[in-house]
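The values are calculated or read from the model by the stated rules, or taken from the named source; none is laboratory data. Model, not experiment: these values are computed from the prediction. Counting neighbours? That spans all protein chains shown, and the Cβs are built from the backbone with ideal geometry, glycine included.
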Amino acid sequence: MRLLVTGGAGFIGANFVHHTVSNHPETTVTVLDALTYAGNRASLDPVADRIDFVHGDVADLDLVDDLVGRVDAVVHFAAESHNDNSLAEPWPFVQSNIIGTYALLQAVRRHDVRYHHVSTDEVYGDLSPQAQAFTETTPYNPSSPYSATKASSDLLVRAWSRSFGVRATISNCGNNYGPYQHVEKFIPRQITNLIDGVRPRLYGAGHQIRDWIHVDDHNRAVWEILHRGRVGQTYLIGADGELDNKSVVRSILAAFGWDPDDFDHVTDRPGHDRRYAIDASLLRSELGWQPRYVDFRTGLAATIQWYRDNESWWRPAKADTERAYREAGERICFAVRD
Ligand code: NAD
Ligand code: DAU
């Protein structure tokens, strides 16, 4: 199979490329990535001689049409992915996430190429602590500019599948953690803070709940859906990893041998979603997928070790990332209601 992987220099995409090259060497991989601030060519260094890399934009209709015409399938990871950035400046999210998906859909339609769309649980909005987990039929209800653009792109995929017969599948996954994740995101931000001797930063009271999954488990599910999933179907990907943010911070502090209260509460995210939770029964029963990382602390320990061992990978982005948080108005809050 000849595969086009968009966003392959980003966190999940790079891990997907590593997984594919190691486990499916019969697959030819081309990566298309714009190398935004979130893309890092070094994430593909270990496989550089086994893939083709194209530096370009998924919203470039001519480029995308040309590349799609040369492959059998597309896995679309490329996106602006950080909620906080979408609150500061939404336009790149509209351009990359909506127009980029449109460009790919037109190309796969024209060339009759199989398409897998990587999406997020955030399209369903947030849940109260008692509510049932999301399923494939939960109505869309996005909260942030980021999740609204991801929801928009999912709806384009559904329409192109139904109206034009595009052979598409969609997956909606929860919060990933693992190697090669940008230091702007919650877990790598706190790990790299602690490596630098800086206290972790918790938005608001830290009661928000996310459904964590190791990136390798996500990518094994994507591979299964691409090869054995039903065309036209949406699959939720989750590993029963619900944890509140304060517990995650405390697990990271424990792994570093720090006191459980050695963190700072900082300004909360506007519109902050309370809880995400995924019911992945369909994926498990239909495709037989199971997560391998069933113990969060084991996956977290491996991730911490990776950041300790790969400081040259993350260090160049750390100071700018922290400066951006400060310039966006992040402040330590001394009186937070628990
Ligand atoms: P990331 O920000 O780490 O990487 C995104 C990659 O896309 C970068 O390499 C960037 O250069 C590239 N990119 C951005 N705009 C582009 C454009 N216009 N053209 C070409 N390349 C472009 O993101 P991630 O965390 O790896 O997320 C990958 C995908 O998975 C996204 O679609 C995201 O919505 C989805 N997702 C992420 C998570 C998560 O927890 N990180 C969970 C569920 C779904
Ligand atoms: O649910 C899937 C989504 O998970 C993906 O679609 C997104 O691309 C991905 O970024 C992630 O979104 P979140 O907004 O949940 O992830 P983030 O890492 O930004 O934050 C996780 C939680 O931690 C969230 O409740 C905000 C909080 N947080 C975040 C940062 C950066 C903090 O408390 N402190 C922080 O410093």
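For the stretch 242-288, the set of residues classified as in a loop (DSSP other than H, G, I, E, B), touching a Pro at 6+ places or on another chain (Cβ under 8 Å) and either within 24 Å of GLN132 (Cβ to Cβ) or among the hydrophobic types (A, V, I, L, M, F, W, C) (or both) consists of PHE263, ARG274, listed by residue number.
From the list ASP57, ASP33, ASP52, which residue is at pLDDT 95 or above and out of contact with any helix residue (DSSP H, G or I) (no Cβ under 9 Å at 6 or more places or on another chain)? Step by step, each of ASP57, ASP33, ASP52 is checked, and only ASP52 is at pLDDT 95 or above and out of contact with any helix residue (DSSP H, G or I) (no Cβ under 9 Å at 6 or more places or on another chain). The combined condition, being part of a loop (DSSP other than H, G, I, E, B) and either surrounded by fewer than 16 Cβ atoms within 10 Å (Cβ to Cβ) or on the phi > 0 side of the Ramachandran plot (or both), is not fulfilled by PRO316.
Pairs meeting the criteria (first residue in the stretch 129-153 and within 14 Å of HIS272 (Cα to Cα) and in a loop (DSSP other than H, G, I, E, B), second residue within 12 Å of ligand 1 (Cβ to nearest atom) and among the polar types (S, T, N, Q), beta carbons under 7 Å, at least 6 apart or on different chains) are SER144/ASN83; SER144/SER86.
Identify, by number, the condition in (1) surrounded by 18 or more Cβ atoms within 10 Å (Cβ to Cβ); (2) touching a Lys or Arg at 6+ places or on another chain (Cβ under 7 Å) that GLN290 doesn't meet. Status for GLN290: all satisfied but (1). For the stretch 42-82, filtered to residues that are of a type in the set (Val, Ile, Thr) and under 20 Å from the mean Cα position of the chain (by Cα), the residue that is farthest from ligand 2 (Cβ to nearest atom) is VAL74. In the set (1) within 14 Å of ligand 1 (Cβ to nearest atom); (2) more than 27 Å from ARG274 (Cα to Cα); (3) not hydrophobic (A, V, I, L, M, F, W, C), ASN85 fails one condition alone, (2).
Looking at VAL166, VAL157, VAL183, just one residue is at pLDDT 95 or above, more than 17 Å from the chain's Cα centre (by Cα) and either away from ligand 1 (no atom under 14 Å from the Cβ) or assigned to a loop (DSSP other than H, G, I, E, B) (or both), and that residue is VAL166. Within the stretch 302-332, being closer than 25 Å to VAL266 by Cα and of a type in the set (A, V, I, L, M, F, W, C) holds for ILE304, TRP314, ALA317, ALA319, ALA324, ALA328, ILE332.
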